[in-house]
Ligand code: UDP
Ligand code: MG
């Protein structure tokens, strides 16, 4: 698609996993918001291996005559971020919006995000004002957002909010990069032109958030892998501190033994501890270094796509042809 044809076109990418109850309102509200744009648009619904009838619903939406919906069916469940990346691979718009299917972030904000992005921002993020999640979830978000801001040095205030706008160069760069992980973090690394807007946040109407124990734990691992070297560096700092403490303890004991005599050292038990700490610390540093090498090899090697698309429905429909003149 040429740049001129792309100018002024919008793609909305929505990852969907077992959201059948939310889909009717989602499709209707998203389409209504897009119609307000006065620009060409497409709405890409990525089915992330749903098992609750969502698939049939979004296929029907994509197959309707003149439909602006495109259904991208993944062959199994991959998770939110791989699903978004699969949607990106099919998106053709100049501005690409990501949105959650659970309607916690209002689709009505799409026109505002698009117009801010078109003012010249590469990424527009959203901050959830009056956050409608439990306190534990909010606390975890607060801590993680701070951590990510520190590690990446980028100022997005709310990495957990899926409603975001990306300009085409960012989407292309993400697709070309072999790195996989949490999309907002990967994307923010690619540009300085980022801004945030405040949006209102609604509680989830239907279905459960996947943010439950195991899933949350998996996300933490995801986060660690996306931030990649930061956890390893933390490990080596901890290792360094333990080794230093062990060394100081050894020195202190040598000194006290000289001053207070042989009995003081507890027949070598404490000396043993001092040695132990020193070596445990040194081992942690070595482990972190090894991890650092491994992560670099891993970075270069992972050429695999984040998700396998099984089928794209609506790709050759009139709406899509019109979208790509
Ligand atoms: N989602 C997905 N695959 C998954 C889990 C979630 O595509 O394996 C989608 C889900 O349908 C929703 C979005 O990702 O559109 C966010 O999921 P959820 O609301 O469960 O997460 P939370 O908003 O609680 O972080
Ligand atoms: Mg949600």
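The values are calculated or read from the model by the stated rules, or taken from the named source; none is laboratory data. Just so it is clear, the model here is predicted, and its values are computed rather than measured. Neighbour counts are summed over all protein chains in view; Cβ atoms, including those assigned to glycine, are modelled from backbone coordinates with ideal geometry.
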Item to check | Residue list for segment 172-224, restricted to those being away from ligand 1 (no atom under 12 Å from the Cβ), modelled with pLDDT under 80 and closer than 20 Å to residue 308 by Cα | outcome: 178, 179, 180
Checklist entry - Any idea which of 307, 288 is at pLDDT 80 or above and within 42 Å of the chain's Cα centre (by Cα)? => result 288
Item to check | Given (1) within 16 Å of ligand 1 (Cβ to nearest atom); (2) over 30 Å from residue 226 (Cβ atoms), number of the condition residue 64 does not satisfy | outcome: (1)
Checklist entry - For segment 28-49, how many residues are within 13 Å of ligand 1 (Cβ to nearest atom) and in contact with a helix residue (DSSP H, G or I) (Cβ under 8 Å, 6 or more places away or on another chain)? => result 6
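Select from segment 128-162 the residues that are touching a strand residue (DSSP E or B) at 6+ places or on another chain (Cβ under 7 Å) and farther than 21 Å from residue 227 by Cα and list them in ascending order. I'd like the intermediate steps shown before the answer.
Kept after step one, since they are touching a strand residue (DSSP E or B) at 6+ places or on another chain (Cβ under 7 Å), are these residues of segment 128-162: 128-130, 154-158, 161-162.
If the condition is that a residue be touching a strand residue (DSSP E or B) at 6+ places or on another chain (Cβ under 7 Å) and farther than 21 Å from residue 227 by Cα, then 128, 129, 130 are the ones that fit.
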Checklist entry - Given segment 46-127, what helices (runs of 4 or more DSSP H) lie entirely inside it while holding 3 or more residues that are more than 17 Å from residue 308 (Cα to Cα) and more than 20 Å from the chain's Cα centre (by Cα)? => result 54-63, 110-118
Checklist entry - Quick check, is residue 169 within 16 Å of ligand 1 (Cβ to nearest atom), assigned to a helix (DSSP H, G or I), within 30 Å of residue 62 (Cβ to Cβ) and out of contact with any helix residue (DSSP H, G or I) (no Cβ under 7 Å at 6 or more places or on another chain)? => result no
Item to check | Hits in segment 46-64 - residues which are touching a residue at least 40 places away in the same chain (Cβ under 8 Å) and away from ligand 2 (no atom under 16 Å from the Cβ) | outcome: 58, 59, 62, 63
Checklist outcome for this item: The condition of being modelled with pLDDT of 95 or more and either within 16 Å of ligand 2 (Cβ to nearest atom) or buried (at least 24 other Cβ atoms within 10 Å of the Cβ) (or both) holds, among 23, 27, only for 23
Next on the checklist: I need every pair where a residue in segment 94-107 that is closer than 16 Å to residue 42 by Cα has its Cβ under 8 Å from the Cβ of a residue that is more than 12 Å from ligand 2 (Cβ to nearest atom) and part of a loop (DSSP other than H, G, I, E, B), sequence separation at least 6 or different chains.
Outcome noted: 94/7; 94/8
Next on the checklist: Contact list please: Cβ distance under 7 Å, first residue in segment 129-142 and under 18 Å from residue 102 (Cβ atoms), second residue part of a helix (DSSP H, G or I), pairs at least six apart or on different chains.
Outcome noted: 131/138
Checklist entry - So which residues in segment 13-31 are assigned to a helix (DSSP H, G or I) and in contact (Cβ under 8 Å) with a residue 12 or more places away in the chain, if there are any at all? => result 23, 24, 25, 26, 27, 29, 30, 31
Checklist entry - Of the conditions (1) away from ligand 1 (no atom under 16 Å from the Cβ); (2) touching a residue at least 60 places away in the same chain (Cβ under 8 Å); (3) in contact with a helix residue (DSSP H, G or I) (Cβ under 6 Å, 6 or more places away or on another chain), residue 154 fails just one. Which one is it? => result (2)
Item to check | Top-ranked residue of segment 97-118 - restricted to ones that are under 22 Å from residue 50 (Cβ atoms) and more than 11 Å from ligand 2 (Cβ to nearest atom), ranked as surrounded by the fewest Cβ atoms within 10 Å (Cβ to Cβ) | outcome: 107
